[in-house]
Amino acid sequence: MTDTTTTAAAAVSVRGVGKRFPGVVANHDVTLEVRPGTVHALVGENGAGKSTLMKILYGVQKPDEGEILVGGETVHFSSPSDAIKHGIGMVFQHFQLADNLTVLENVVLGAEKLHGIGDAARTEIRRISDAYGFGLDPDELVEDLGVGERQRVEILKVLYRGAKIIILDEPTAVLVPQEVDALFENLRELKSQGNTLLFISHKLDEVRAIADDITVLRRGTTVTSVKPAEVTQHQLAELMVGEELPSPSTAESTVTDREVLEVRDLQVDDTQGRTVLSDINLTIHAGEVLGIAGVEGNGQTELVEAVVGMVRPTRGVVELSDQDVTSWGTRQRRESGVGYIPEDRHRHGLLLDAPLWENRILGHQTRKPSVKGGWVDKAGARIDAQRIVHEYDVRTPGIDTTARALSGGNQQKFIVGREMSGDPKLLIASHPTRGVDVGAQAAIWDHIREARRRGLAVLLISADLDELIGLSDSLKVILRGRIVADYDPQTVTPQQLGAAMTGAKTAGEEA
Amino acid sequence: MKTLQRAGLALAAPVLALVVAGIITSLVLVAAGDDPAAFWETMLAWPENRSLVNIINEASVLYLSGLAAAIGFRMNLFNIGVEGQYRVATFVAAYFAAQAFLPGYLNTVATILVAMLAGAAWAGIAALLRVTRGVSEVISTIMLNAIAVSLVAYLLRKVGSREGQTIVTDTVPQSGWIPGISLFRDSVTDMYGLVFLAVLAGIGFSVLLNRTRFGFDLRATGHSESAAVASGVDVKRMVIYSMLLSGAVAGLIGMPNLFGVSHNYGSTIQTGIGFAGIAVALLGRNHPLGIAAGALIFAYLSEQANPLGILAGISPEIIAVTQGVVVLCVVIAYEVVRRYRNKLEQRAVAEALEAPGPSKEVTA
């Protein structure tokens, strides 16, 4: 098979590309052959250089060395529009859609010259949608679409612009299992009609399910290219990490009967008065990890913020160790032993332009060792920041480095270390390992397990079903602001969770 | 990053801005048919002793104004109302001091406190509107400036008396005056006795911001309000406190002059100090030493511009153009330097991580 296809010009070939990029990871000697009409997966842990390579292919970054060929012809992109001219389109992980516009308006935005903005464009969109089975209505508002449909709009956008080679950046990160299956159907359809897909992911089971070829990136360079049939998932993971693969599973139960957090009849309304969370009842004991599964935007954020004290519930009670804390502010709750790993570390977890040692104080402004009375204890904060850097393996030149300069994984490790400081009773962990590499993920899991053994209660919110199942002692599924199902993590499968998360099981409809 | 490099970068922006502002001013002069050489000759001549004293006096007042603005800025609060707060506070203080409720310097101390309270109260209106009704402090303080001017003028007519062309409040009892400090024998003006008030305020600002929990909360809110909220900062309370503090410092602006020179509040009170303070705070990066430098530069420019008309035949108003351009340039220059610094730091991190890092240990 290889012999016959390498004779034809590769859709994209990358030869010895390098990029010195101040900060994160540089690419060096990246070599990649993407056969036309295939799905080529690019795998690697976070920070392996996938984004840099993608940006180079899409014309956002210029390579410092090496060459890129598209259809056998050497190209030099200086902007994404150059890439589009050569038929390369990109679908970003975070959708770039205007919610208050229709599908048509979103698609033609910036490409008005192609088919205008009227019926010609509408016809073209219908044609593409029908050709690949997208099932999109050009005149529907994007805000009325589900996540899967929005993603199809993104794909349609690049097809509309004439792309034949489509780069998909972690397209499954935002999808539940059922939606992933639908996406893969679309991708196969695209492939069968001659399009080439470059699929970036670190979910190995998915990669094996969809890819024709897999290229592994590690530490900024391509390690090897393999065929999915020739490697096991385990081998692939080892290629990616270069070491043993960690597993999130907890050994034995450490659940006690001491209640740390109790939430009763909780209801939260948003600023417009819509109920976004209702009838929430949950109890977490010392030594227990309670996992909350759900598609993002189903009330997890509100639940977390209500427990941390950042939003006031409309109704209901929050108790910490049998004490009613519903009227307490965030500071008082934190003082009483609540650690908080926020979902969005840049928005809620760090002062990006402040040095690490000042970030050590954040959230601990009233507690030792970072303050004494009303005064900031600079020495104490520095020593403890140093401890976190050491114990949590935060890769940084020092504690005077600003948080912004660190990679996402190292920022996250620092936050976890900080929130574990001062022996918290309750840890609220929102996506604690999002965007961190496999090694750091294992370390964070270990820290959580260790603290759990010592009696920490954990409220775990995650999009990573393996993480949820592996770490939790009990699982609840949240859908449209309500708890809709309870599962025992020992017996539940990701498919069951996925079904409950989309409401397929209870209501029989797509979320 | 090395300390020296840091300091160099910190200085690069304002120096760059001053140079660019100088060039633009020269271009404006040329375009208007004036002689830039004569302009610079006057501007760069060593000030006379009298002018030196004026520069220090003006700078101390600008410094207080800059501090007042900076307290808000450090929290991303745009207190444009320093001008109004200063007017209200100075008027209230002058009226209070003239009543002589307390003897001698007790009256002075009490008056300074009253001025701070009055400034804080006036700023507090904007703070309350912001936290209860979500009114932008930019809008409310601008409106409050206009109200302050009219209100004080109205009240001055009620309580003041006519003295030549102006209306003034009663004179502060002499026992509470703070005499000037004579720096030069040949200078007709003395340095304000209350210059030390500006120094004290600067030290207080620095300690409060960098050493106290309150200061940390304030800076954290300024860096990232969302992160501050998640860390337990009650942002509404912080808005109120910092506006009150900003207003209280604004209340100090009029004190050196009240107790040193004028001894009353008159309709000829110096205007525009509150706005100049905003520029000075921007120029000084809201840093206590930076604001001092900014205040000195602004005071120097204003003072040196005075003889422009006589010596160079150029209208001194041109210097307001220079000052304005300095502020515009400095905002741009700081952003350029900030990006450059981020890049340097990222490179430093990358280099440090390429070297063998701490061994990977998994604490299980």
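The values are calculated or read from the model by the stated rules, or taken from the named source; none is laboratory data. No experiment lies behind these values; they were computed from the predicted model shown. Ideal geometry is used to build each Cβ from the backbone, glycine not excepted, and the neighbour counts take in all protein chains shown.
Got at least one residue in region B:254-274 being touching a residue at least 60 places away in the same chain (Cβ under 8 Å), surrounded by fewer than 22 Cβ atoms within 10 Å (Cβ to Cβ), under 14 Å from the mean Cα position of the chain (by Cα) and assigned by TED's automatic domain parsing to the domain that holds B:ILE112?
Within region B:254-274 (the criterion being touching a residue at least 60 places away in the same chain (Cβ under 8 Å), surrounded by fewer than 22 Cβ atoms within 10 Å (Cβ to Cβ), under 14 Å from the mean Cα position of the chain (by Cα) and assigned by TED's automatic domain parsing to the domain that holds B:ILE112), the answer is yes, since at least one residue qualifies.
Assigned to a helix (DSSP H, G or I) and either among the aliphatic types (A, V, I, L, M) or crowded, with 21+ Cβ neighbours inside 10 Å (or both), is that true of B:ARG87?
yes
If we scan region B:235-248, do we find a residue that is surrounded by 21 or more Cβ atoms within 10 Å (Cβ to Cβ), over 18 Å from B:VAL92 (Cβ atoms), within 14 Å of chain A (Cβ to nearest Cβ) and without any contact (Cβ under 8 Å) to a residue 60 or more places away in the chain?
no
Among the residues of region A:347-357, count how many are more than 12 Å from A:ILE383 (Cα to Cα), touching a residue at least 40 places away in the same chain (Cβ under 8 Å) and not in a loop (DSSP other than H, G, I, E, B).
Residues meeting the conditions: 2.
Within region A:380-408, how many residues turn out to be within 12 Å of chain B (Cβ to nearest Cβ), small (Gly, Ala, Ser) and either touching a strand residue (DSSP E or B) at 6+ places or on another chain (Cβ under 6 Å) or surrounded by fewer than 21 Cβ atoms within 10 Å (Cβ to Cβ) (or both)?
Going through region A:380-408 one residue at a time, the tally reaches 1.
Do we find a residue being of a type in the set (A, V, I, L, M, F, W, C), in contact (Cβ under 8 Å) with a residue 12 or more places away in the chain, surrounded by fewer than 18 Cβ atoms within 10 Å (Cβ to Cβ) and assigned by TED's automatic domain parsing to the domain that holds A:ARG208 anywhere in region A:133-142?
yes
For residues that are surrounded by 24 or more Cβ atoms within 10 Å (Cβ to Cβ) and more than 7 Å from every other protein chain (Cβ to nearest Cβ), tally how many sit in region A:346-357.
1
Inside region A:328-344, can you point out the residues that are at the interface with another protein chain (Cβ under 9 Å from one of its Cβ atoms) and modelled with pLDDT under 90?
A:ASP344
Hey, does region A:96-110 have a residue that's hydroxyl-bearing (Ser, Thr, Tyr), in contact (Cβ under 8 Å) with a residue 12 or more places away in the chain and crowded, with 16+ Cβ neighbours inside 10 Å?
yes
Looking only at region B:166-224, filter to residues that are of a type in the set (Phe, Trp, Tyr) and within 14 Å of chain A (Cβ to nearest Cβ); which one of those is surrounded by the most Cβ atoms within 10 Å (Cβ to Cβ)?
B:PHE216
Would region B:37-54 turn up any residue that is closer than 25 Å to B:PHE205 by Cα, touching a helix residue (DSSP H, G or I) at 6+ places or on another chain (Cβ under 8 Å) and buried (at least 18 other Cβ atoms within 10 Å of the Cβ)?
Yes, that holds for at least one residue.
What pairs can you find where one residue is in region A:174-187 and in contact (Cβ under 8 Å) with a residue 12 or more places away in the chain, the other is in a loop (DSSP other than H, G, I, E, B) and among the hydroxyl-bearing types (Ser, Thr, Tyr), and their Cβ atoms are less than 9 Å apart, with a gap of 6+ or different chains?
A:GLU179/A:THR172; A:VAL180/A:THR172; A:LEU183/A:THR172; A:PHE184/A:THR172; A:ASN186/A:TYR132
Wholly within region A:409-488, which strands (runs of 3 or more DSSP E) include no fewer than the required count, namely at least 3 residues that are within 14 Å of chain B (Cβ to nearest Cβ) and under 24 Å from A:ASP384 (Cα atoms)?
It comes to A:426-430.
I'm trying to understand the selection: among the residues of region A:143-173, which are touching a residue at least 40 places away in the same chain (Cβ under 8 Å), among the charged types (D, E, K, R) and over 19 Å from A:ALA209 (Cα atoms)?
A:GLU143, A:ARG150, A:GLU154, A:LYS157, A:ARG161, A:LYS164
A quick yes/no check of all residues on (1) surrounded by 15 or more Cβ atoms within 10 Å (Cβ to Cβ); (2) without any contact (Cβ under 8 Å) to a residue 12 or more places away in the chain; (3) away from chain A (no Cβ under 14 Å); (4) of a type in the set (Val, Ile, Thr):
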site: B:GLU303; (1), (2), (3), (4): yes, no, yes, no
site: B:ILE310; (1), (2), (3), (4): no, yes, yes, yes
site: B:ILE319; (1), (2), (3), (4): yes, no, yes, yes
site: B:VAL326; (1), (2), (3), (4): yes, no, yes, yes
site: B:TYR340; (1), (2), (3), (4): no, no, no, no
site: B:LEU353; (1), (2), (3), (4): yes, yes, no, no
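Determine which member of the set B:ARG133, B:ARG157 is farther than 30 Å from B:GLN174 by Cα, loosely packed, with under 15 Cβ neighbours inside 10 Å and either free of Cβ contacts under 8 Å to residues at least 40 places away in the same chain or not assigned by TED's automatic domain parsing to the domain that holds B:MET238 (or both).
The conditions single out B:ARG133.
Kindly establish whether A:ARG382 is among the basic types (Lys, Arg), part of a helix (DSSP H, G or I) and more than 29 Å from the chain's Cα centre (by Cα).
Answer is yes for this residue.
Please tell me if B:ALA17 is touching a Cys at 6+ places or on another chain (Cβ under 7 Å) and at pLDDT below 90.
yes
Please verify whether B:ALA146 is surrounded by 20 or more Cβ atoms within 10 Å (Cβ to Cβ), part of a helix (DSSP H, G or I) and not aromatic (Phe, Trp, Tyr), treating the condition exactly as stated.
No.
Working only within region A:358-372, note down all residues that are facing another protein chain (nearest Cβ under 8 Å), surrounded by fewer than 21 Cβ atoms within 10 Å (Cβ to Cβ) and either in contact with a Cys (Cβ under 9 Å, 6 or more places away or on another chain) or assigned to a loop (DSSP other than H, G, I, E, B) (or both).
A:THR366
Might you let me know whether region B:152-173 holds any residue that is in contact with a Gly (Cβ under 9 Å, 6 or more places away or on another chain) and under 16 Å from B:ILE112 (Cβ atoms)?
yes
For A:ARG35, all conditions in the list (1) modelled with pLDDT of 90 or more; (2) touching a His at 6+ places or on another chain (Cβ under 8 Å); (3) charged (D, E, K, R) hold save one; what is the number of the exception?
The single condition A:ARG35 does not satisfy is (2).
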